[in-house]
Amino acid sequence: MIRGARLVSVLACLAGCGFTTGGGNASGDDNASGSDAGATSPDTVPPLAGPYPIVLAHGLFGFDHLGPLDYFYGIKDTLTATGRVVYAPRVDAVQSAEVRGQQLLDAIEIARMETGASKVIVIGHSQGGLDARWAANHSPSSIAAVVTIATPHLGSPVADVSAGLTPGVAADAANALGNLFGLSTSGNNTSFQGALMSLTSEGAAAFNAATPDAPGVAYYSVAGRSALAGASSCPSGVGGFMSNWDSDIDPLKLELVPVAGILAAASLPATPVQDGLVTVESATWGHFLGCIPADHLDQVCQVAGQSPGLGNGFDCQEFWSDLEQYLTSQGY
């Protein structure tokens, strides 16, 4: 088990935390939020912030706060600096995307009611992206765009091994995941085991079949590349702000090494580009924006905003600010 300060840091990164509304002076919230979303015309200067509130959807293993840390570390302030209204609701810590998606949708309805906005943007990290897709599928009129960051849309080989669906040491794989999150993995009827099954390749295929993309909702995705993988190893994305760190490579955080090793071994003979938990291939969905040199922790500015690693110039807060401005430029 991870103990002490390391456990606190890792849990704070990968668990969900709720914060309330921020940035109440969003440009166009009262009027523009009811308009149809779309690309901004070339001769139109985009507003300081787009018309829609942003709802941040956390990954697996959620809680409100642990000490001074929250899941999306410092990201609320970054997004509200331009006037966006931001919500980060809490959903069940360990549950299927269907259960968490309904809880997320309930929170979206509260955000719409409080702001008067007709729609929201949902940005989901890890499993939060699956929750966002479920919510959009079930209430497309409430959501203008879904952005997924390092979401296992095709499942995870680590989950396959842990569940005993592919060759490998299942107990070791499950324990590696449990150790990362500080949880017990014993027992077949735990919520951990249930959530794990939903992240397998088989579970992902069933989810995708039951949850097609909703017409009228824009879907974007971002993947992380770590373990010193270069930009040339990723598919081409949108360019622009996503190319800012093409020359940078990311050293994987020690906490992620055991799980990343199982992921790599489970994928042999291929050696997929990954962020320590999710492969680039699995993270690709909808309009792929590209890869960032960031492991699964770096993507949400963890741990506690520290450097992503020696020699890596990736700036997490700058990435989130640029992502917001890109969405604004697209009319969202």
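The values are calculated or read from the model by the stated rules, or taken from the named source; none is laboratory data. Nothing here was measured: the structure is a model prediction, and the numbers come from that model. Cβ sites come from the backbone with ideal geometry, for glycine too, and all protein chains shown count toward neighbours. Keep in mind that these areas ignore ligands, DNA and RNA; they rest on the heavy atoms of the full protein, side chains included. Shrake-Rupley method; radii C 1.70, N 1.55, O 1.52, S 1.80 Å.
Would the stretch 142-150 turn up any residue that is open to solvent by 10 Å² or more (accessible area, probe 1.4 Å) and either within 20 Å of ALA266 (Cβ to Cβ) or in a helix (DSSP H, G or I) (or both)? I'd like the intermediate steps shown before the answer.
Step one: of the stretch 142-150, the residues open to solvent by 10 Å² or more (accessible area, probe 1.4 Å) are none.
No, every residue in the stretch 142-150 fails to be open to solvent by 10 Å² or more (accessible area, probe 1.4 Å) and either within 20 Å of ALA266 (Cβ to Cβ) or in a helix (DSSP H, G or I) (or both).
Taken together, PHE181, PHE192 contain a single residue that is of a type in the set (Phe, Trp, Tyr), under 21 Å from the mean Cα position of the chain (by Cα) and either at pLDDT 70 or above or within 25 Å of LEU310 (Cα to Cα) (or both), which is PHE181. Taking helices (runs of 4 or more DSSP H) as the structural unit, those lying wholly within the stretch 250-332 and holding at least 1 residues that are among the small types (Gly, Ala, Ser), closer than 30 Å to ALA136 by Cα and open to solvent by 30 Å² or more (accessible area, probe 1.4 Å) correspond to 316-329.
When you scan the stretch 205-217, how many residues do you find that are open to solvent by less than 20 Å² (accessible area, probe 1.4 Å) and either among the small types (Gly, Ala, Ser) or part of a loop (DSSP other than H, G, I, E, B) (or both)? Write out each step before concluding.
So in the stretch 205-217, the residues open to solvent by less than 20 Å² (accessible area, probe 1.4 Å) come out as 207, 211, 214, 217.
This time we only want the ones that are either among the small types (Gly, Ala, Ser) or part of a loop (DSSP other than H, G, I, E, B) (or both), so: 211, 214, 217.
Counting residues in the stretch 205-217 that are open to solvent by less than 20 Å² (accessible area, probe 1.4 Å) and either among the small types (Gly, Ala, Ser) or part of a loop (DSSP other than H, G, I, E, B) (or both) gives 3.
Contact map, the stretch 223-243: residues that are at negative phi paired with residues that are hydrophobic (A, V, I, L, M, F, W, C) and part of a helix (DSSP H, G or I), Cβ distance under 6 Å, separation 6+ or inter-chain. Pairs shown: ALA223/VAL280; ALA223/ALA283; CYS234/VAL280. I'm trying to understand the selection: among the residues of the stretch 218-234, which are open to solvent by 70 Å² or more (accessible area, probe 1.4 Å) and assigned to a loop (DSSP other than H, G, I, E, B)? Across the stretch 218-234, the qualifying residue is only LEU228. PHE241 satisfies every condition listed in (1) modelled with pLDDT under 95; (2) open to solvent by 20 Å² or more (accessible area, probe 1.4 Å); (3) not in a helix (DSSP H, G or I) except (3).
Could you check, for the stretch 112-134, whether at least one of its residues is more than 24 Å from HIS287 (Cα to Cα), open to solvent by less than 10 Å² (accessible area, probe 1.4 Å) and touching an Asp or Glu at 6+ places or on another chain (Cβ under 8 Å)? Yes, the stretch 112-134 contains a residue that is more than 24 Å from HIS287 (Cα to Cα), open to solvent by less than 10 Å² (accessible area, probe 1.4 Å) and touching an Asp or Glu at 6+ places or on another chain (Cβ under 8 Å).
Out of all the residues in the stretch 255-270, is one or more at pLDDT 90 or above and of a type in the set (A, V, I, L, M, F, W, C)? Checked the stretch 255-270: no residue is at pLDDT 90 or above and of a type in the set (A, V, I, L, M, F, W, C). Would it be correct to say that ALA81 is open to solvent by 30 Å² or more (accessible area, probe 1.4 Å), modelled with pLDDT of 90 or more and over 15 Å from the mean Cα position of the chain (by Cα)? So ALA81 fits the description; yes.
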